[in-house]
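Quick note: the coordinates plus some simple rules give every number you see, no bench work behind them. Computed from a prediction, not measured in an experiment: that's the story for all the values here. Neighbour counts are summed over all protein chains in view; Cβ atoms, including those assigned to glycine, are modelled from backbone coordinates with ideal geometry.
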Amino acid sequence: MRRTLDLTAIALGAIWSSKLRSTLTILGNIVSVGSIIAVVSLIQGVNAEVSNLIVSELGSDSFTIERTGLVLTEAEEDATRNNPRVSLDDAEAVQRNGTNLRAVMAEAGQSGEVRYRGQLLESVGVRGVTEDYVDFPAFTAERGRLMSPTEVERDRGVTVLGYGTAERLFDTVDPIDKVIKIQGVNFRVVGVSESSPSFMGQSQDEFVIIPMGRFRKLFGARPSIELRARPETPEQMDLAMDDATVALRIERRLRPGEDNNFGFFTAGTALDLYDQATSGIFAVLVGIVSLSLVVGGIVIMNIMLMVVSERTREIGLRKALGARRRDLLWQILAETVILSVVGGILGTALGSGIAIGLSSVTPVPAAVHPWSVVLGISLTAVVGVFFGLYPASKAAALDPISALGRT
């Protein structure tokens with residue numbers, strides 16, 4: 001152990017005595033590891049933001065019933081093209097027969113104009129909901145209250161504003177109990193939703209929520225709707241989906257051999273689809289950036305070969321004085337690994353700084369995880385060992401007599 005520490009100290013001394021060369025040697029690793037950490041941090045930030053958005057929109061404890069569900073191929077698209085629209089009758093059927101369901105709501109959406117006095121907002125998301133919407137955690141009220149189930153059932157002219165819509169319409173004025181116009185029709189504001197995190201710089205708070213009956217009067221009696229269902233407990237998700245399947249097949253009079261003419265969508269489905277769509281792209285991107293790490297390793301190997309050539313007489317003298325083959329092997333290998341790891345540490349700091357800096361000045365999020373830091377530094381250690389073995393073995397194989405005879 002003492003001998004190993006002494007050899008490591010000799011390696012550190014050799015590195016310190018050639019500070020400029022050592023600095024230039026590790027530049028490749030600094031750039032390559034910095035690039036890897038920056039790219040991985042940005043990818044992790046985007047993944048986390050997408051996951052949060054999907055879970056907040058769809059809910060981790062609910063599922064959506066749609067006209068087609070998830071369609072990935074042309075054959076599936078052809079098979080589902082003639083599926084009937086989801087209707088309010090479907091919602092009632094699922095609600096009647098869903099023994100494992102806690103709540104079932106219908107939701108429709110369109111873009112519309114929202115006005116308060118002289119302030120006009122165009123292309124605001126108008127969302128029509130049925131009375132069970134209050135049982136879904138995605139609907140919240142930071143100020144005021146949510147529309148009551150009775151108000152929704154009786155199609156009252158009330159609305160809940162998204163946080164961003166309320167800010168743009170009213171600025172510092174309290175919006176509660178103010179009357180606004182949606183598509184030219186008066187609605188009384190009863191609440192303002194909690195603010196949601198933006199996605200890639202895009203606000204998720206530009207919407208208004210109104211009763212489904214009012215929505216149908218504004219945008220037509222047969223809107224394109226989807227159903228959202230929530231089981232009694234998250235563990236009953238599969239049972240609740242089975243209940244909904246049976247209820248819809250009965251409502252739509254499907255025969256035992258016929259395929260479902262509707263589809264389900266969950267947060268898990270959306271996350272899996274996102275992973276399938278992006279994992280390959282992200283892997284290729286990281287792989288391309290990682291090539292620079294190999295280049296950095298080759299640079300270190302070339303420098304260390306030059307170092308061995310310059311120190312031939314020193315190596316021969318040490319061998320003549322009793323230094324063993326493995327001592328010289330360890331000394332050169334230690335120099336290589338130390339240089340590589342130091343470059344990895346500095347590169348990790350640089351990459352983290354770049355990722356955080358980009359996140360602060362652009363909409364692209366970043367997340368620097370401890371595992372990525374450990375991975376970056378570990379990779380440089382592996383590169384140091386791999387590309388340092390040849391120079392180290394070459395130094396250890398020198399004949400002391402030949403080495404001392406060189407000028």
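Per-structure values
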quantity	calculated
Highest average packing first - 241-247, 336-342, Cβ atoms within 10 Å	336-342, 241-247
Point-to-point label distance, THR73-LEU24, nm (Cα→Cβ direction, 7 Å offset)	5.9
Under the Debye formula (equal points on every Cα, no solvent term), log10 I(q)/I(0) of segment 116-202 at q = 0.20, 0.27 Å⁻¹	-1.00, -1.62
Per residue, the convex hull volume that the Cα atoms of segment 84-261 enclose (Å³)	134
Additional length obtainable on full extension of the chain from SER87 to ASP272, 0.36 nm per residue less Cα span	63.8 nm
Distance in nm between pseudo-label sites at ILE281 and THR140 (7 Å out along the Cβ direction from Cα)	2.9
Mean-position separation - Cα centroids, segment 99-175 and segment 182-230, in angstrom	5
Inter-label distance, nm, simple model (7 Å from Cα along the C-beta direction), ALA381/ARG253	7.1
Gain on full stretching of the segment that runs from GLU113 to LEU305 - 0.36 nm per residue minus C-alpha separation	62.0 nm
Whole-Hz ³J(HN,Hα) from phi, Karplus 6.51 cos²θ - 1.76 cosθ + 1.60, for segment 156-161, glycine and proline x	5, x, 10, 8, 10, 9
Cα gyration tensor shape of segment 194-252, rounded if a/c is under 1.5, else prolate or oblate by comparing a/b with b/c	oblate
